[in-house]
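Student: Sharing a structure below in structure tokens format, with a few things to ask.
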Amino acid sequence: MHHQETIFTIGNGYLCTRGTFEEGYPGDRGATFIHGVFDAARNVNTEIVNEPDWLPLTVYLNGERFGINHGVVASYRRTLSVRDGLLTRTVVWQSPGGHRATFTFERFASLADPHALYLRCHIVPEFSGTLEFRASLNGHTDNLGVVHTYWVDQGERDGVVYLDNRTRETKIETAYAMRVQTTTGHQLSRAVWAVENKPCVMVRVQARPGNEIVLDKQVVVYTSRDVPAEQVVSTTLEHLNNVAAWDQAVEKNAEAWEDAWENSDAVIEGDDEAQRAVRFNLYQLHIVAPRRDDRVSIGAKALSGFGYRGHAFWDAEIFMLPFFTHTAPAIARNLLDYRYRHLEAARAKAKANGCEGAQFAWESADTGEEVTPTWIPDPADRRRLIRIWTGDIEIHISADIAYAAHHYWRMTGDDTWYIEKGVELILDTAKFWASRAEWDAENQRYEYNDVIGPDEYHDHVNNNAYTNRMAQWNLQTALDVLDWLNAEAPARANELVNELDLTPARLAQWQDVIQKVYVPIPPSGVIEQFEGYCNLKPVYMAALEPRDISTQQLFGIEGSNQRQAIKQPDVLMLLYLLREHYADDIVRVNYDFYAPRTDSTYGSSLGPGIQAIIACEVGKPDEAYKLFQLAAESDLYDLRRNASDGIHAASCGATWQAVVFGFAGLRITETGWTVANRLPSGWTRLAFKFLHRGKLQRVELTA
Ligand code: IFM
């Protein structure tokens, strides 16, 4: 059930609601998360708040409560239309007392009007008597036991009911207003029950065999992130008065979705399963994409579950952002603006670590401060605690953000944004890298020691290849960009030179780090993931089969540190991001070395999509397709058995990249693009669009 709740999440870029049932189910894990509404609480870090629940709708058939955990379920079907975000469930149910009816529930969060939520229930009874609906707004919600909101106010105005709640620490106010009306059927009575924190509208109608009864529940929601706190309730009520009725809302929503898909769809012919999986992944990105808000990013689990508490990681910049950069650049810009807004927090983190410049938080929420938990319960034995080091030493994220900013600019040509914000992100992260580099006098080189690379099975490592090379890239790009800025916008260049104290001596030191940072490529061509990696105990995934747990679960945390099994392939990721800097044979040699050592099935969900791209490049189509499936079907089929915690949003983005950069072999430069047709067997056609420097490009490949 919890897996299904995740994959049937609906949303509109403002909020998302998990796919629980309107009438509830024992043990269900419902949630509505609104972008940017975080709260702090004792014993847990800042987390995205499970807001009041707008779904509740219970139905009584001659006094018997509908629910599929009792009675007889004669048929059941749930459909999510990824084309327009409409979730539909049809159930034929017979109560324990023998009252039978067909129920159809439909719901959507309007993409056209992001504050408007719609729910419709059709019932065709097969009995005579009464049907009673109880539609409510439920403020009694929590984050798996942690209560973040408290009741402020509720009331009724002209048949409309509202509920106002506030978060405990951050004091963000959320108001919902609800209108409930039947559009067919003879209404017998109607009442409002002012149950505290769960206002309810009760409607009784006459039930006659074969006569359909339709009930609409329209809800509007605002928070004090949208309007001043004292206007939240009035704005919500006013908006509900003007909200479109069901039919018109369905139409407007469909139009907005059509726009969203227009440039972003990937059409696959000859493999319906792959088509469905790809569109499902893109749907998940669409429903969480902040279209109108540049103060939020996208968390690792999007807004579809409690996992990672809504925190944003490098997942947003390296895995999801390319999809937006190439299909909806305004959304990509919003996501990058979120990082730009948190430069001060990144500077504070660098300073606290004795560094200069900007060091971005490994996990980031509303303020940009580090919110990675330091200790978490050991899933194998919850009485024990595990120390989490990523917030302290997984530092590559600063280069990842710089990379994303630069990539966005190269692909869009958005000079205005770059000059105003992007360049500063790159310069200030470079400043961090220069100050974090350690000079090793003995070896006459700069090093980055005591870090965690993308492969988190190995912590406290020295000279992680991904980290060192991305740091070098960040520094070099900063110097190049500063030259560019001096030519294009000298006043802004001057401003940044002064603000960031970019003296000639500092820039010379950057140059020194670039030249002497330790990034070796030995004669074999195998780039060692970190110093000493090749001396660890070899592990070949194939030799560990069959298994259904990760190698870290198999060997333990310490055991994994001593072995070559990796969670996600750092080196391949590096080669992918900096592809133009590496020769084809380096890519091949490293793929052959690292693929058998990578825990693609049960390790990180981030890896397979990217690894699939490299597999395409090195001419391993079968491996590429298997890796693609691991990414694309990860959540649909709950391959890692943790989709209950939420969607693997990075994998959604990696799926798109696998299709576009892997199977279509798209390579884009400032001046143009090429494709390399590597369609998997069975695919007869692949078509997609992307934006290059503001111009729409169409790609169509056939077998
Ligand atoms: O960012 C990732 C990381 O690379 C692996 N652990 C999970 C994080 C969130 O998805």
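The values are calculated or read from the model by the stated rules, or taken from the named source; none is laboratory data. Quick caveat: nothing in here was measured; it's all calculated off a predicted structure. Counting neighbours? That spans all protein chains shown, and the Cβs are built from the backbone with ideal geometry, glycine included. Keep in mind that these areas ignore ligands, DNA and RNA; they rest on the heavy atoms of the full protein, side chains included. Shrake-Rupley method; radii C 1.70, N 1.55, O 1.52, S 1.80 Å.
Student: I'd like to check which helices (runs of 4 or more DSSP H) are fully inside region 591-697 and have at least 2 residues that are more than 16 Å from the ligand (Cβ to nearest atom) and open to solvent by 50 Å² or more (accessible area, probe 1.4 Å).
Tutor: Numbers: elements: 607-617, 621-632, 649-657.
Ranges flagged: 621-632.
Student: When you scan region 589-607, how many residues do you find that are in contact (Cβ under 8 Å) with a residue 60 or more places away in the chain and farther than 11 Å from Thr551 by Cβ?
Tutor: 6
Student: Here's another thing I want to ask about it. So which residues in region 569-588 are out of contact with any Leu (no Cβ under 6 Å at 6 or more places or on another chain), open to solvent by 10 Å² or more (accessible area, probe 1.4 Å) and more than 16 Å from the ligand (Cβ to nearest atom)?
Tutor: Scanning region 569-588 gives Arg579, Glu580, His581, Ala583, Asp584, Asp585, Ile586, Arg588.
Student: Which numbered condition in (1) crowded, with 24+ Cβ neighbours inside 10 Å; (2) closer than 30 Å to Glu558 by Cα; (3) more than 16 Å from the ligand (Cβ to nearest atom) is the only one that Pro454 fails?
Tutor: (3)
Student: Which helices (runs of 4 or more DSSP H) does region 378-448 wholly contain that include 2 or more residues that are farther than 17 Å from Pro322 by Cβ and within 16 Å of the ligand (Cβ to nearest atom)?
Tutor: Per the criteria, 390-393.
Student: Further, regarding this structure: In region 202-237, what count of residues is obtained for those that are among the hydroxyl-bearing types (Ser, Thr, Tyr) and open to solvent by 60 Å² or more (accessible area, probe 1.4 Å)?
Tutor: Of the residues in region 202-237, 0 are among the hydroxyl-bearing types (Ser, Thr, Tyr) and open to solvent by 60 Å² or more (accessible area, probe 1.4 Å).
Student: Among the residues of region 1-60, which ones are closer than 21 Å to Ile331 by Cβ, among the hydroxyl-bearing types (Ser, Thr, Tyr) and surrounded by fewer than 24 Cβ atoms within 10 Å (Cβ to Cβ)?
Tutor: None - no residue of region 1-60 is closer than 21 Å to Ile331 by Cβ, among the hydroxyl-bearing types (Ser, Thr, Tyr) and surrounded by fewer than 24 Cβ atoms within 10 Å (Cβ to Cβ), so the list stays empty.
Per-residue answers, yes or no, for (1) among the aliphatic types (A, V, I, L, M); (2) touching a Pro at 6+ places or on another chain (Cβ under 8 Å); (3) farther than 30 Å from Glu369 by Cβ:
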{"residue": "Tyr25", "(1), (2), (3)": "no, no, yes"}
{"residue": "Asp28", "(1), (2), (3)": "no, no, yes"}
{"residue": "Asn50", "(1), (2), (3)": "no, no, no"}
{"residue": "Thr79", "(1), (2), (3)": "no, no, yes"}
{"residue": "Val91", "(1), (2), (3)": "yes, no, yes"}
{"residue": "Gln94", "(1), (2), (3)": "no, no, yes"}
{"residue": "Thr102", "(1), (2), (3)": "no, no, yes"}
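Student: Across region 386-400, what is the number of residues that are in contact with an Asp or Glu (Cβ under 7 Å, 6 or more places away or on another chain) and either open to solvent by 40 Å² or more (accessible area, probe 1.4 Å) or under 30 Å from Ala489 (Cα atoms) (or both)?
Tutor: So the answer is 2.
Student: Here is a further query. Between a first residue in region 308-325 that is under 28 Å from Leu144 (Cα atoms) and modelled with pLDDT under 95 and a second residue that is within 11 Å of the ligand (Cβ to nearest atom) and open to solvent by 10 Å² or more (accessible area, probe 1.4 Å), which pairs have beta carbons less than 7 Å apart while being 6 or more apart in sequence or on different chains?
Tutor: none
Student: Considering only residues that are farther than 18 Å from Glu212 by Cα, open to solvent by 30 Å² or more (accessible area, probe 1.4 Å) and in a strand (DSSP E or B), which ones fall in region 81-108?
Tutor: Ser81, Leu86
Student: Before we move on, is Tyr533 aromatic (Phe, Trp, Tyr) and out of contact with any Asp or Glu (no Cβ under 6 Å at 6 or more places or on another chain)?
Tutor: Values: aromatic (Phe, Trp, Tyr): yes; out of contact with any Asp or Glu (no Cβ under 6 Å at 6 or more places or on another chain): yes.
Here the answer is yes, as Tyr533 does meet what is asked.
Student: In addition: Can you find, within region 371-380, the residue that is most open to solvent (accessible area, probe 1.4 Å) among those that are over 18 Å from the mean Cα position of the chain (by Cα) and more than 15 Å from Gln552 (Cβ to Cβ)?
Tutor: As a first pass, look at region 371-380 and keep what is over 18 Å from the mean Cα position of the chain (by Cα): 373-380.
Right, trim to more than 15 Å from Gln552 (Cβ to Cβ) and you get 373-375, 377.
On the way: Pro373: 29, Thr374: 66, Trp375: 143, Pro377: 48 Å².
The qualifying residue most open to solvent (accessible area, probe 1.4 Å) is Trp375.
Student: Related question: Look through region 457-480, keep the residues that are in contact with an Asp or Glu (Cβ under 9 Å, 6 or more places away or on another chain) and open to solvent by 30 Å² or more (accessible area, probe 1.4 Å), and return whichever of them is nearest to the ligand (Cβ to nearest atom).
Tutor: By that ranking, first place goes to Asp459.
Student: If the requirement is being within 16 Å of the ligand (Cβ to nearest atom) and open to solvent by 50 Å² or more (accessible area, probe 1.4 Å), which of these qualifies: Ile557, Ile566? Spell out how you get there, then give the answer.
Tutor: Details: Ile566 fails: open to solvent by 50 Å² or more (accessible area, probe 1.4 Å).
Being within 16 Å of the ligand (Cβ to nearest atom) and open to solvent by 50 Å² or more (accessible area, probe 1.4 Å) holds for just one of Ile557, Ile566, which is Ile557.
Student: More than 21 Å from Asn464 (Cβ to Cβ) and open to solvent by 10 Å² or more (accessible area, probe 1.4 Å): which single residue out of Tyr308, Tyr403 fits that description? Lay out the reasoning, then the answer.
Tutor: On the way: Tyr403 fails: more than 21 Å from Asn464 (Cβ to Cβ).
On inspection, the qualifying residue turns out to be Tyr308.
Student: Now for a separate question. Got a sec? Which of Asp548, Asp483 is within 26 Å of Thr669 (Cα to Cα), exposed (fewer than 12 other Cβ atoms within 10 Å of the Cβ) and among the charged types (D, E, K, R)?
Tutor: Values: Asp548 fails: within 26 Å of Thr669 (Cα to Cα).
Among Asp548, Asp483, only Asp483 is within 26 Å of Thr669 (Cα to Cα), exposed (fewer than 12 other Cβ atoms within 10 Å of the Cβ) and among the charged types (D, E, K, R).
Student: Restricted to region 413-451, and to residues that are under 18 Å from Phe360 (Cα atoms) and of a type in the set (D, E, K, R), which residue is most open to solvent (accessible area, probe 1.4 Å)?
Tutor: In this case the residue turns out to be Asp450.
Student: Any chance region 149-159 includes a residue that's free of Cβ contacts under 8 Å to residues at least 40 places away in the same chain, within 20 Å of Leu215 (Cβ to Cβ) and surrounded by fewer than 20 Cβ atoms within 10 Å (Cβ to Cβ)?
Tutor: Scanning region 149-159, I find at least one residue that is free of Cβ contacts under 8 Å to residues at least 40 places away in the same chain, within 20 Å of Leu215 (Cβ to Cβ) and surrounded by fewer than 20 Cβ atoms within 10 Å (Cβ to Cβ), so the answer is yes.
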